[in-house]
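Comments concern the structure below.
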Amino acid sequence: MDSGGRTGVYYNSRWDRGLSSCMPPRNIFLIGLMGAGKTTVGRVLARHRQLRFVDSDQEIMERCGVSIPTIFEIEGEVGFRRREEAVIEELTRHQGIVLATGGGAVLSPANRACLKSRGTVVYLHAQPQELWLRTRHDKNRPLLQTADPLRKLEELYAVRHPLYLETAHIVLDTGRQSVTSLVHKLEQLLAEAEGEAAGVAPCD
């Protein structure tokens, strides 16, 4: 499935594979590139569904006591990804949460497996140009502190987009829609997906 050039909302054809033989309890995991709206959409969605919202990047910062750029500066991206993997493995074991993940979380096969098997994964998709418009003034994104952040976003998109599609149960093209509109569309998709999965046995 290729969402490039498409707009709207649709299911990932790998939906049944991700659910495996049981339906995880209510967890919703948001993935996508930086600037896709994971934290903003996640907070509203969690409030609507009366679930707890968690941001994996925020969790990492609280545990380390420093910002993400500082972690990158001291430990490099490899060190940050190691911390991220441990946090995601722990958080995805919780029940009844909406989790916003960092843009690079899907680079880890272990993260992809945890996300796919422990909740409903939603890919918030946007094209690099739109993401650049949203993030161009944000100094807290270390990977974009380059001479050409748009080109960097295009490079990240080329690598990560296939991994997002592989991991997601639902893909939502964000475009230039309001948060209210996005959440409304996402809730419709989630309701339909939960209806389809109603006959799947719950996890032990």
Practice prompt. Could you run the Karplus curve 6.51 cos²θ - 1.76 cosθ + 1.60 with θ = phi - 60° over region 62-71 and give me ³J(HN,Hα) per residue in whole Hz, x for Gly and Pro?
Written response: 5, 6, 8, x, 9, 6, 4, x, 5, 4
Worksheet item: What list of ³J(HN,Hα) couplings, whole Hz, do you get for region 111-124 from phi and the Karplus terms 6.51, -1.76, 1.60, once you set θ to phi - 60° and write x for glycine and proline?
Response: 4, 4, 5, 4, 5, 5, 9, 10, x, 8, 9, 10, 8, 8
Item to complete: May I ask you to sort Met34, Met61 by Cβ crowding, counting other Cβ atoms within 10 Å and putting the fewest first?
Response: Met61, Met34
Worksheet item: Using 1/(1 + (r/R0)^6) with R0 = 22 angstrom and r between the beta carbons of Ser117 and Arg83, what's the FRET efficiency to the nearest 0.05?
Response: 0.55
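From Cα pairs below 8 angstrom and at least 6 apart in sequence, can you work out the relative contact order of region 9-197, rounded to a whole percent? Don't skip to the answer; put the middle values down first.
Working: 278 pairs, mean separation 69.2, N = 189.
Dividing the mean separation by the residue count of region 9-197 yields 37 percent.
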Response to the item:
Taking placed amide H atoms and a strict 5 Å upper bound, the residues 5 or more places from Asp55 or on another chain that come that close are Ala100
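Scan region 37-136 for trypsin sites (Lys or Arg not before Pro) in coil per DSSP, keeping those whose Cβ has at most 16 other Cβ atoms within 10 Å, and list them by number. Numbers along the way, then the final one.
On the way: sites: Lys38, Arg43, Arg47, Arg49, Arg52, Arg63, Arg81, Arg82, Arg83, Arg93, Arg112, Lys116, Arg118, Arg134, Arg136; in loops: Arg93, Arg136.
Filter output for region 37-136: Arg93, Arg136.
Each reported figure results from applying straightforward, stated rules to the coordinates on display, with no laboratory input. Source: prediction; values computed, not measured. Every residue, glycine among them, receives a Cβ derived from its backbone with ideal geometry; neighbour counts consider all protein chains shown.
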